[in-house]
Number of protein chains: 2
Amino acid sequence: MPLPIDFYFDFSSPYSYLAAEKIDALAARFGREVSWRPILLGAVFQHYNTTSLVKQPGQGDYALRDMAREARFLGVPFTMPSRFPVPTQAAARAFYWLQEDDVAVAKQFALAVFRAFYVEDKDISSPQVVLDIAAAQGIDRAALDAAIHGAEAKERLKRETEAAIAMGLFGAPWMVVDGEPFWGADRLPQLEKWLEAGGF
Amino acid sequence: MPLPIDFYFDFSSPYSYLAAEKIDALAARFGREVSWRPILLGAVFQHYNTTSLVKQPGQGDYALRDMAREARFLGVPFTMPSRFPVPTQAAARAFYWLQEDDVAVAKQFALAVFRAFYVEDKDISSPQVVLDIAAAQGIDRAALDAAIHGAEAKERLKRETEAAIAMGLFGAPWMVVDGEPFWGADRLPQLEKWLEAGGF
């Protein structure tokens with residue numbers, strides 16, 4: 001049984017959204033599962049004392065153009081959210097809690113969060129918005145509300161983010177196939193070739 | 001007559017080398033010429049107070065892995081030079097001087113410099129090495145020697161680099177198609193689609 005592909009992402013990261021729309025179908029073509037792992041990119045940037053691409057000096061305009069162009073290139077609907085970047089603790093904690101019961105439900109929820117942000121321009125930093133998204137998918141709103149405010153979910157997300165940094169992650173999306181790291185939605189073609197050929 | 005594609009690069013930039021091996025053939029498939037424009041990435045990084053990818057905190061190991069993998073992905077021979085990065089004034093000045101007489105000769109010289117650095121591990125920061133490469137191509141060594149030490153070549157390179165920064169360039173390779181900027185060898189597939197569809 002081949003190892004799952006690890007897929008690290010932040011719900012506020014545009015290229016994470018683009019990869020999220022593609023990664024499971026890509027992996028499935030090679031009989032692979034994907035293990036989704038939301039992390040907090042803010043903590044990663046803090047660790048390395050860096051910033052997001054759009055805040056790099058002189059790079060913001062190009063970054064915005066590239067995000068929208070890459071989305072069109074991949075055929076994924078995309079509108080730059082009016083609030084960006086946003087904190088994603090609520091969505092990430094919800095994901096891990098949902099995943100304990102049902103991985104498929106957690107992934108559908110994650111895609112719904114991404115689309116709420118990048119298609120509908122909803123403020124996914126709001127726990128209420130996150131709960132609305134979950135409720136629309138038939139998830140128990142009160143139970144999820146309790147979970148995302150609990151110590152366990154908070155601790156889990158912190159632990160996942162720290163483990164990702166310790167492993168070498170410095171950006172998102174970050175995919176790992178049999179120990180080989182791929183950074184960025186633009187590395188999906190290489191990841192595909194890697195799966196196809198068992199490395200190259 | 002369609003506009004030429006502008007191709008900005010630094011001889012010390014690995015991804016510039018990879019793009020250089022591909023860009024003319026790609027453009028030719030769509031009836032386009034490519035205008036090659038070496039610049040000094042060091043001046044660009046100084047302008048933005050940034051550094052090369054391999055010097056970004058925590059990113060060096062991944063960058064080295066990615067460069068070699070991207071080269072294999074594109075089918076281009078690549079060995080990380082033992083001295084890296086290196087100053088590229090001599091090669092860049094030589095290019096502009098050669099280009100005044102014969103664009104094809106200048107491009108062949110540029111590819112030879114790239115290959116000397118990324119295949120043969122030669123120190124292309126050395127004017128003598130640059131002159132050796134040129135001489136092996138039948139270029140007048142003494143005339144080129146005089147040119148690369150002259151004020152005109154120095155001024156030309158400075159002007160090209162400043163113009164590139166003023167235009168918005170912050171990294172290399174940087175390609176511009178009908179006003180649309182593409183940064184990175186990994187954007188060649190998007191550039192190709194852009195040429196094919198006249199934008200997307």
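The values are calculated or read from the model by the stated rules, or taken from the named source; none is laboratory data. Treat the numbers as computed from the prediction; the structure is a model and nothing was measured. Ideal geometry is used to build each Cβ from the backbone, glycine not excepted, and the neighbour counts take in all protein chains shown. Side chains included, ligands, DNA and RNA excluded: accessible areas come from the protein's heavy atoms. Shrake-Rupley method; radii C 1.70, N 1.55, O 1.52, S 1.80 Å.
Restricting the calculation to alpha carbons of the stretch A:63-149 gives Rg and Dmax of 13.6, 40 angstrom. The listed residues B:192, A:70 rank as B:192, A:70 when sorted by accessible area, largest first, using a 1.4 Å probe.
Per residue of B:186-193, what is the mean number of Cβ atoms on other protein chains within 10 angstrom of that residue's Cβ? Could you put the intermediate results ahead of the total?
Working: counts 5, 5, 0, 3, 7, 0, 0, 3.
Per residue, the average neighbour count from other chains is 3.
From the square roots a ≥ b ≥ c of the eigenvalues of the alpha-carbon gyration tensor of chain A, which class results: rounded (a/c under 1.5), prolate (a/b over b/c), or oblate?
On the way: a/c = 1.39, a/b = 1.14, b/c = 1.22.
Verdict is rounded for chain A.
Would you mind calculating the relative contact order of the stretch A:57-200 from Cα pairs under 8 angstrom and at least 6 residues apart, reporting the percent as a whole number?
Reported relative contact order: 18 percent.
Here residue A:101 sits with roughly 140 square angstrom of accessible surface, probe radius 1.4 Å.
Residue farthest toward the positive end of the dipole of chain B, with Cβ of Lys/Arg at +1 and Asp/Glu at -1: which of B:111, B:74, B:151? Ranked along the dipole, the leading option is B:74. Within the straight-line cut-off of under 26 Å between alpha carbons, the lysines reachable from residue B:154 are B:107, B:122, sequence neighbours fewer than 8 places apart in one chain being disregarded. Model label points for residue A:83 and residue B:79, set 7 angstrom from Cα along the Cα-to-Cβ axis, are 5.5 nm apart.
Legend: mean number of C-beta atoms from other chains within 10 angstrom of residue C-beta atoms, peptide B:75-86, equals 0. Per-residue surface analysis assigns residue B:47 an accessible area of about 110 Å², computed on protein heavy atoms at 1.4 Å probe radius. Per-residue shielding of A:174-184, expressed as the average number of other chain Cβ atoms within 10 Å of the residue Cβ, stands at 2.
Using unit Cβ charges (K, R positive; D, E negative) and no other charged atoms, how large, in debye to the nearest 20, is the dipole of the protein assembly as shown about its Cα centre? List each step's numbers first, then the result.
Numbers: 40 positive and 52 negative charges, 50 e Å.
The calculated dipole for the protein assembly as shown is roughly 240 debye.
Each label point was placed 7 Å from the Cα along the Cα-to-Cβ direction; for residue B:108 and residue B:64 their separation is 3.6 nm.
The slack between residue A:121 and residue A:197, meaning 0.36 nm per residue of separation minus the straight C-alpha distance, is 23.5 nm.
Give me the dipole magnitude in Debye, nearest 20, for the stretch B:1-99 about the Cα centre, with unit charges on the beta carbon: positive for Lys and Arg, negative for Asp and Glu.
On the way: 10 positive and 8 negative charges, 21 e Å.
With only Lys, Arg, Asp and Glu charged at Cβ, the dipole is about 100 debye.
The DSSP beta bridges internal to the protein assembly as shown are antiparallel in roughly 60% of cases. Over chain B, DSSP H runs of length four or greater, each weighted -39,500 (n - 2.57), average out per residue to a 222 nm ellipticity of -16500 deg cm²/dmol.
The slack in the chain from residue A:136 to residue A:51, taken as 0.36 nm per residue of separation less the alpha-carbon distance, amounts to 27.2 nm.
Extending 7 Å from Cα along the Cβ direction at residue B:24 and again at residue B:100 yields two label points whose distance is 2.1 nm.
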